[in-house]
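Below is one structure; the comments refer to it alone.
The values are calculated or read from the model by the stated rules, or taken from the named source; none is laboratory data. All values reported here derive from a predicted model rather than from experimental measurement. Ideal geometry is used to build each Cβ from the backbone, glycine not excepted, and the neighbour counts take in all protein chains shown. Quick note on the areas: whole protein, heavy atoms, side chains included, nothing else; ligands and nucleic acids left out. Shrake-Rupley method; radii C 1.70, N 1.55, O 1.52, S 1.80 Å.
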Amino acid sequence: MLDTTVDNMIEEKPKIIARDVKVVYGDKEALRDVSLDVMDKTVTAFIGPSGCGKSTFLRCFNRMNDTIANCRVSGSLIYDGQEISAHDPVTLRARIGMVFQKPNPFPKSIYDNVAYGPRIHGLSKNKADLDGIVEKALRRGALWDEVKDRLHETGTGLSGGQQQRLCIARAIATEPEVLLMDEPCSALDPIATAQIEELINELKQSYSVVIVTHSMQQAARVSQKTAFFHLGNLVEYNDTGDIFTKPSDPRTESYITGRIG
Amino acid sequence: MSLKARQSKEKRFQFAGLAAISIGLLCLVMLFASVLSAGLPAFQQTFIKLTFNLPADKLDKSGNRNPQEMKKVSTIGYTKVITEQLKLNLTKAGLEFDQLSKKELKNMISKEAPAQVRYAVLEDPSLLDREFEMVLLANGRIDGYYKGRVTKKSAELDVMVSPKQLELADQMKRAGILETRFNGRFFYWPDASDLRPEAAGLGVALLGSFYMVLIVLVLAVPLAVCTAIFLEEFAPKNRFTDLIEINISNLAAVPSIVFGILGLSLFINFMDLPQSAPIVGGLCLTLMTLPTVIIAARASIKAVPPSIKAAALGLGASKVQAVFHHVLPSAAPGILTGTIIGLAQALGETAPLLLIGMVAFVREYPSLSPEGIFEPATALPVQLYNWTVRGDPAFVERASGAIIVLLVFMITMNLLAIVLRKRFERRW
Ligand SMILES: Nc1ncnc2c1ncn2[C@@H]1O[C@H](COP(=O)(O)OP(=O)(O)O)[C@@H](O)[C@H]1O
Ligand SMILES: [Mg+2]
């Protein structure tokens, strides 16, 4: 079947190639020699007990670790054929968007929240253009219908789940290629969580999504690839189905069966 | 401890707290009562309304109404004419004044009046030889008589006023020539010499204070905000920045007079700026206000959740963009509140201004152009101090009036700060 081969080819193309990535905070080692390929148009989940370095690794991709004073990253991270450290952080972060654990909309209007990225990167030619970008981002963030009549009310007035979808819409308004999500549902109720998971499913049509989660059910529901971290090591990285049904490492097995965590 | 003992301990504590608050409130009430009762009369003044028909042969000897030549007639010449006019007015009203000496009659009217009339005539020479009405200040002692400061009994011992003058004043009041009413000039007239408290006003002081607050606003706020942003967001955390931080807190606790000494040696002796000028006062007050505003600005910048900055950085904003687009606007209400409190502090500060010569007697308004900040002026609190040390009780009354004006400014500014804080308060 021609279709599946094409599909497979796209899936097999790595978006980010990490080799022997090591991160230290001061003299404390947080991540040890991690190597992994993040695939395009795929949802990759990072799981593992808390403090094992999932967020730290995620922050390497968009150089957010640069903003932490005593954090040092070594090893190789290739994005778009170039070392991430050689990319300009400003353009890099426009192409690799991030959604944080706690919804953090700007204390401005819903419209201005979404329009901020396109504005600073000069993505729109005029007001009508920007209106279009904002609407498209809010539609893809599955929030448009709920907020279209109150675009100029403040974003902090929305419910937690709406705020997080606003943050997702804000991140995708700059048309990134990769979307990093650090436990995006940990502050949300089950209904809002389901909405976000549905959204992630939509987003993988066009983006490569990397999601950190402490919920194995969530990883199983949304991701195609799963990486299991333990004490700063990448223990296992495989298709999600394989990780959950036939883990190759005993540590992975004990984690998914709930013996460590 | 038994439950009962615990409860009674709690009761005692509550009672102590209530007592403390009551004492505080009582003191506040007493303060306001004394300031208001002493100061409110300053907003009233006793005036004498006269119908003038000024003789041109005395005030314009050349007769061609040329102000240049009319200037030759001094205020002494005008004093004589005014006294004559007063007599005519009294006669017309059917009042007796023979029992008063010439000097007593002359002194019914303020020593400021001749200058006032002379100025009006030189402005408009056509006033001569025709009837017009003019309202003149009454002598300060007569004014004091209607405010309870002077009595007929005290007048017997007073060289400045006699019971006969007060008797005439009463008659003039009944005839409608003399009245005590609101005196707007208190706010815009300049200071006056010791002999004419009735003419003294806050004009120069208000203008000087306004200039200085403006200078503080223009200099201290940008400096303080930039310092705060740099220290909070950009400066590396090392010994040197720690030292700067500690010193800023220390500066906030330095007695204000020290800033006066610094201003005297730096701005006047070294930089050769003029004495008594708002520019020097403004610079001293800027130095004094800076630490306060820096500390307030840093606190409000620190209070902005880091997640906001992270969100901006995550979208590809540069550090400067993140700070100026998001952190600063969120911190702005707090910075504004700190600024207003700093300005109120600067407005009420006296000590450093005494040292740089702003205590001088200034009767000329500084100009309204920007050069005005280099011309001599006084300031509200200094003017107030100045009046309290003069002998005449009329000046003490005016000082209390000035306190009310100062307090009104202070309360307004602090209320503004509170309103802004309430209005922009954010819950994250
Ligand atoms: N800003 C930081 N400074 C110092 N240590 C940190 C910092 N952030 C994370 N760490 C440490 O790095 C390790 C990994 O943290 P993190 O990546 O946040 O774990 P996870 O997201 O998997 O829970 C932890 O031991 C944590 O204490
Ligand atoms: Mg984490």
Hits among lysines - C-alpha to C-alpha of B:Lys153 under 24 Å, sequence gap 8 or more where chains match
B:Lys102, B:Lys103, B:Lys106, B:Lys111, B:Lys164, B:Lys173
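Sequence gap at least 6, Cα distance under 8 Å: using those rules, report the relative contact order of region B:203-424 to the nearest whole percent.
Values: 308 pairs, mean separation 68.2, N = 222.
Relative contact order of region B:203-424: 31 percent.
For B:Glu133 and B:Lys302, compute 0.36 nm times the residue count separating them, minus their Cα-Cα distance, and round to one decimal in nm. Can you show the working numbers first?
Numbers: separation 169, 0.36 × 169 = 60.84 nm, distance 6.46 nm.
Extending this stretch completely gives an extra 54.4 nm.
Keeping the other protein chains in place, figure out the carbon and sulfur percent of the accessible area of region A:5-256, with a 1.4 Å probe.
Details: 5280 of 10720 Å².
Its accessible area is 49 percent carbon and sulfur atoms.
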Roll a 1.4 Å probe over the protein heavy atoms and report the accessible area of A:Thr91 in Å², nearest 10.
70 Å²
Provide a list, ordered by number, of residues in region A:110-124 showing at least 50 Å² less accessible area with every protein chain present than when their chain is taken on its own, using a 1.4 Å probe.
A:Tyr116, A:Ile120
Cut-off under 5 Å, modelled amide H: who pairs with B:Thr151 long-range
none
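Taking each residue in B:302-309, count the Cβ atoms of any other chain within 10 Å of its Cβ, then average. What number comes out?
Working: counts 0, 0, 1, 3, 2, 6, 4, 2.
Mean shielding by partner chains, rounded to a whole number: 2.
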So, with a 1.4 angstrom probe, what is the percent of accessible area on region B:44-182 that is carbon and sulfur?
52 percent
With θ set to phi - 60°, apply the Karplus curve 6.51 cos²θ - 1.76 cosθ + 1.60 along region A:153-159 and write out the HN-Hα couplings as whole Hz, x wherever there is a Gly or Pro.
8, 6, x, 6, x, 7, 6
Karplus (6.51, -1.76, 1.60) ³J(HN,Hα), θ = phi - 60°, over region B:290-303, in Hz, Gly and Pro reported as x:
3, x, 4, 6, 4, 5, 5, 5, 5, 4, 6, 5, 5, 6
If the only charges are +1 at each Lys and Arg Cβ and -1 at each Asp and Glu Cβ, what is the size of the charge dipole of the protein assembly as shown around the Cα centre, to the nearest 20 debye?
2080 debye
Run the simple label-point estimate for B:Arg421 and B:Lys9 please: 7 Å along Cα→C-beta, distance reported in nm.
3.3 nm
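So which trypsin sites (Lys or Arg not before Pro) in region B:219-317 end up in coil per DSSP with only 12 or fewer other C-beta atoms within 10 Å?
Details: sites: B:Lys237, B:Arg239, B:Arg298, B:Lys302, B:Lys309; in loops: B:Lys237.
Filter output for region B:219-317: B:Lys237.
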Interchain or long-range residues, amide H under 5 Å from B:Thr180's placed H:
B:Phe47
Can you compute the radius of gyration and Dmax for region A:5-256, using only the Cα atoms, both in Å?
18.0, 57
Per-residue accessible area for A:Met181 at 1.4 Å probe radius, Å² rounded to 10?
0 Å²
Distant-in-sequence amide H partners of B:Leu273 (H built 1.01 Å from N, under 5 Å)
B:Ile268
What distance in nm lies between label points placed 7 Å from Cα along the C-beta direction at B:Gln68 and B:Val389?
4.4 nm
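From the alpha carbon gyration tensor of the protein assembly as shown, can you work out the equivalent ellipsoid semi-axes (sqrt of 5 times each eigenvalue) and give them in Å, largest to smallest? Working shown, then result.
Working: eigenvalues 1273, 154, 111 Å².
One finds semi-axes of 80, 28, 24 Å for the protein assembly as shown.
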If every Lys and Arg gets +1 and every Asp and Glu gets -1 at its Cβ, then about the Cα centre chain A yields a dipole, in debye to the nearest 20, of 600 debye
Once phi is turned into θ = phi - 60°, what whole-Hz ³J(HN,Hα) does the Karplus curve with 6.51, -1.76 and 1.60 give for every residue of region B:35-45, x standing for Gly and Pro?
5, 5, 5, 7, x, 4, x, 5, 7, 10, 8
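Kindly flag which residue pairs out of B:Lys49/B:Lys71; A:Lys54/B:Lys302; B:Lys72/B:Lys152 have an alpha-carbon separation exceeding 31 Å in this structure. Working shown, then result.
Details: B:Lys49/B:Lys71 25 Å; A:Lys54/B:Lys302 28 Å; B:Lys72/B:Lys152 39 Å.
Going by Cα-Cα distance, B:Lys72/B:Lys152 fall outside the 31 Å limit.
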Loop-located trypsin sites (Lys or Arg not before Pro) in region A:73-161 whose Cβ has at most 10 other Cβ within 10 Å (DSSP):
A:Lys125
Tell me the per residue accessible area of region B:203-424 using a 1.4 Å probe; a whole number in Å² is fine.
44 Å²
Need the list of lysines near A:Lys204 for cross-linking: C-alpha distance under 17 angstrom, and skip anything on the same chain fewer than eight residues off.
A:Lys13, A:Lys15, A:Lys41, A:Lys136, A:Lys225
On protein heavy atoms with a 1.4 Å probe, the accessible surface that disappears when A meets B, both sides summed and given to 100 Å², is 1500 Å²
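Exactly which trypsin sites (Lys or Arg not before Pro) in region B:393-428 are in a DSSP loop and have at most 14 other Cβ atoms within 10 Å?
Details: sites: B:Arg398, B:Arg421, B:Lys422, B:Arg423, B:Arg426, B:Arg427; in loops: B:Arg426, B:Arg427.
The qualifying sites are B:Arg426, B:Arg427.
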Compute the distance in nm between two label points, each set 7 Å from the Cα along the Cα-to-Cβ direction, one at A:Ser74 and one at B:Ser154.
8.9 nm
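Counting heavy atoms of the protein chains only and a 1.4 Å probe, report the per residue accessible area for region B:44-182 as a whole number of Å².
Per-residue accessible area for region B:44-182 comes out at 51 Å².
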Helix B:163-175: angle to the longest alpha-carbon principal axis of chain B, degrees 0 to 90, nearest 10?
90 degrees
What FRET efficiency would be calculated for the residue pair A:Gln101, A:Lys13, taking the C-beta separation as r and a Förster radius of 35 Å, to the nearest 0.05?
0.75
